[in-house]
């Protein structure tokens with residue numbers, strides 16, 4: 001079997017490659033290459049966020065979204081304001097808001113005398129997670145204490161005559177309301193693909209006609225999530241027989257009587273889905289909520305630094321410097337040795353059960369129909385960055401912990417404004433083959 005270095009050279013990635021593999025029981029480092037290399041973690045940063053949230057919030061934690069009345073209900077009418085109060089639930093959906101509106105109707109509320117207020121201050125607002133991403137990518141939306149549909153709006157189009165019919169919706173399974181806080185126009189141009197402007201709180205998009213076929217759809221990021229959620233709930237409440245005035249954003253959380261509450265699933269279930277689907281907004285919501293609960297700086301950027309300091313004390317890491325909780329920001333840095341320390345620290349709290357099984361690839365890039373040993377890991381991918389951190393059970397039953405960081409940071413910097421720069425897909429494919437080759441080698445040599 002080839003040496004690790006031979007596999008690295010054969011991959012021809014350019015940039016840098018660092019890794020560490022360690023015996024899980026003894027902590028002995030078995031093999032390493034540039035263990036102190038500073039690299040972007042990409043989505044492997046979500047493993048740090050998982051530990052941070054579990055140890056801060058606890059396994060029974062649920063996010064809550066509430067409808068609050070600031071006055072009594074008399075004859076089915078709230079004598080005061082109705083407040084939609086967010087609790088930073090990253091999984092809140094249109095169907096959840098629809099169920100809340102239905103419950104409001106069930107308890108007999110038919111109207112209000114005051115305002116319809118929406119509060120999203122449970123965690124600090126940010127217009128986007130990372131600034132080095134194209135404006136239209138749905139995985140980089142705004143962050144807020146009120147999150148709906150992962151702060152995404154659904155854009156659909158179909159050809160109609162000489163033009164296009166376009167729709168901006170907030171669909172769930174049971175409810176499909178329009179989104180009045182966002183609009184779309186089709187422009188006769190080749191580029192850019194999308195343009196965005198914010199005019200008086202109305203999110204205005206345009207798309208290049210040359211990019212549209214006969215019909216299609218995609219999610220776009222929302223930059224005003226409080227207004228978006230308020231708009232959608234107003235539509236849903238009206239359909240349940242409770243007309244409301246236009247939503248207004250509350251600057252502080254109003255007090256009153258809680259009429260309806262929606263609770264999320266338990267935190268471990270949310271984290272498992274976050275790691276499986278690598279949802280950036282979920283990572284930011286749970287991470288910033290954890291910083292808020294700890295009384296630490298919780299805004300985007302500062303909350304990542306708060307978590308970096310926490311993991312240094314918790315796991316003995318030396319050089320983790322995170323700018324966010326998701327790994328989306330390209331300026332975050334970790335080392336292979338520190339990532340192994342994170343994974344080792346996660347063993348006693350069940351991190352391996354939350355990350356998903358990793359399917360290894362052969363030299364052509366195809367996944368094996370069956371692989372000789374078990375690997376559970378978190379992947380991370382940015383343009384010209386591919387990372388992997390996790391656990392493996394060697395053929396003889398020996399438990400290993402590993403991290404592999406690959407990246408051509410300079411090439412990424414040159415193409416950071418592009419969604420899919422030329423060569424990136426092939427580069428990531430070669431990196432994933434290299435990762436599998438290293439795992440196969442370690443299973444054979446150390447198992």
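The values are calculated or read from the model by the stated rules, or taken from the named source; none is laboratory data. None of these values were measured; they are calculated from a predicted model. For neighbour counting, all protein chains shown are included, and Cβ atoms are generated from backbone atoms with ideal geometry for every residue, glycine included.
Going through 255, 246, 263, 227 one at a time, which residue ends up being more than 28 Å from residue 330 (Cβ to Cβ), touching a residue at least 60 places away in the same chain (Cβ under 8 Å), loosely packed, with under 15 Cβ neighbours inside 10 Å and within 21 Å of the chain's Cα centre (by Cα)?
263
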Practice problem: Return yes or no: is residue 105 crowded, with 19+ Cβ neighbours inside 10 Å, touching a residue at least 24 places away in the same chain (Cβ under 8 Å) and part of a helix (DSSP H, G or I)? | Solution: no
Practice problem: Look through 443, 390 and report the one residue that is assigned to a strand (DSSP E or B) and either crowded, with 20+ Cβ neighbours inside 10 Å or at pLDDT 95 or above (or both). | Solution: 390
Quiz item: What do you reckon, is residue 121 over 22 Å from the mean Cα position of the chain (by Cα), within 25 Å of residue 254 (Cα to Cα), modelled with pLDDT of 95 or more and in a loop (DSSP other than H, G, I, E, B)?
Solution: no
Practice problem: Report, by residue number, each residue of region 45-68 that is on the phi < 0 side of the Ramachandran plot, surrounded by fewer than 21 Cβ atoms within 10 Å (Cβ to Cβ) and in a loop (DSSP other than H, G, I, E, B). | Solution: 59, 60, 61, 62
Quiz item: Considering only residues of region 7-28 that are over 30 Å from residue 425 (Cα atoms) and in contact (Cβ under 8 Å) with a residue 40 or more places away in the chain, which is surrounded by the most Cβ atoms within 10 Å (Cβ to Cβ)?
Solution: 24
Practice problem: For residues that are without any contact (Cβ under 8 Å) to a residue 60 or more places away in the chain and under 21 Å from residue 33 (Cα atoms), tally how many sit in region 394-434. | Solution: 2
Quiz prompt | Where residue 395 falls short, out of the listed (1) surrounded by fewer than 17 Cβ atoms within 10 Å (Cβ to Cβ); (2) touching a helix residue (DSSP H, G or I) at 6+ places or on another chain (Cβ under 8 Å); (3) over 30 Å from residue 26 (Cβ atoms) | solution = (3)
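For the structure I just gave you, tell me whether residue 42 is surrounded by 24 or more Cβ atoms within 10 Å (Cβ to Cβ) and out of contact with any helix residue (DSSP H, G or I) (no Cβ under 9 Å at 6 or more places or on another chain).
Values: surrounded by 24 or more Cβ atoms within 10 Å (Cβ to Cβ): yes; out of contact with any helix residue (DSSP H, G or I) (no Cβ under 9 Å at 6 or more places or on another chain): yes.
The answer is yes for residue 42.
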Practice problem: Could you tell me whether region 54-70 includes any residue that is more than 33 Å from the chain's Cα centre (by Cα) and either within 19 Å of residue 279 (Cβ to Cβ) or touching a residue at least 40 places away in the same chain (Cβ under 8 Å) (or both)? | Solution: yes
